[in-house]
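Each remark here refers to the structure printed beneath this line.
The values are calculated or read from the model by the stated rules, or taken from the named source; none is laboratory data. On a predicted model such as this, the values are computed, not experimentally measured, just so you know. Positions of Cβ are generated from backbone atoms using ideal geometry, with glycine treated the same way; all protein chains shown enter the neighbour counts. All accessible areas refer to the heavy atoms of the entire protein, side chains included, with ligands and DNA or RNA removed. Shrake-Rupley method; radii C 1.70, N 1.55, O 1.52, S 1.80 Å.
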Amino acid sequence: MLKGISPIISPELIKILMEMGHGDELVIGDGNFPAASMAQRLVRLDGHGVPEILDAILRLYPLDSYVDAPVKLMQVTPGDDVVPVIWEKYKAIVEKHAGKVQFEEIERFAFYERAKTAYCVVATGETALYANIILKKGVVVE
């Protein structure tokens, strides 16, 4: 363990976050997300939910300020009677760490295609539906 880094961040994940460069994308998938079949690199954090992982990552990970929407969400499929209330938690966590940031909703199959090109996919135990999120890494300026 290290001081100042959440114990949720595994050694494997800290290595990957350090390897990532400006513009690389990280997917945090909910428990239903087909992470193993999508990932170039897969980190399993099954015992945790997306909000706590998102909070731990954004303490270390700058979002890309050179794009309109550095945060992507999986759009609700038309006909699904689901309101992803977890998105409000995401917005609060992102704002806490990065200020006001625009989110973009991506159609489900387009989200899957985007995830296949991501630097890493983090698999979680999140049970909320439509809880998948993509983060585009920015530049560290500190």
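General observations
- Counting every alpha-carbon pair across segment 88-142, the share separated by more than 12 Å comes to 75%.
- Inverse mean reciprocal Cα-Cα distance (Kirkwood Rh) of segment 64-114, Å: 12.1 Å
- Where Cα atoms sit under 21 Å apart: lysine pairs in segment 43-142 separated by 8 or more or lying on different chains: 19
- For segment 60-124, the set of trypsin sites (Lys or Arg not before Pro) satisfying both a DSSP loop assignment and a count of at most 11 other C-beta atoms within 10 Å is given as K100.
- Only Lys, Arg, Asp and Glu carry charge here, each on its Cβ (+1 for the first two, -1 for the last two); on that basis the chain has a dipole of about 400 debye about its Cα centre.
- Straight-distance candidates among the lysines for linking to K3, with alpha-carbon spacing under 19 Å and chain neighbours fewer than 8 residues away dropped: K15.
- Model label points for A110 and K91, set 7 angstrom from Cα along the Cα-to-Cβ axis, are 2.0 nm apart.
- Mean separation of Cα pairs under 8 Å and 6 or more residues apart, divided by the residue count, gives the chain a relative contact order of 47 percent.
- R0 of 25 Å, Cβ-Cβ distance L2-E52: FRET efficiency to nearest 0.05: 0.90
- Per residue, the convex hull spanned by the Cα atoms of the chain measures out at 105 cubic angstrom.
- Heavy-atom accessible area per residue - the chain, 1.4 Å, Å²: 53 Å²
- Carbon and sulfur %, accessible surface of segment 1-65 computed with the full protein complex present, 1.4 Å: 54 percent
- Counting only heavy atoms of the protein chains and using a 1.4 Å probe, M18 has close to 150 Å² of accessible surface.
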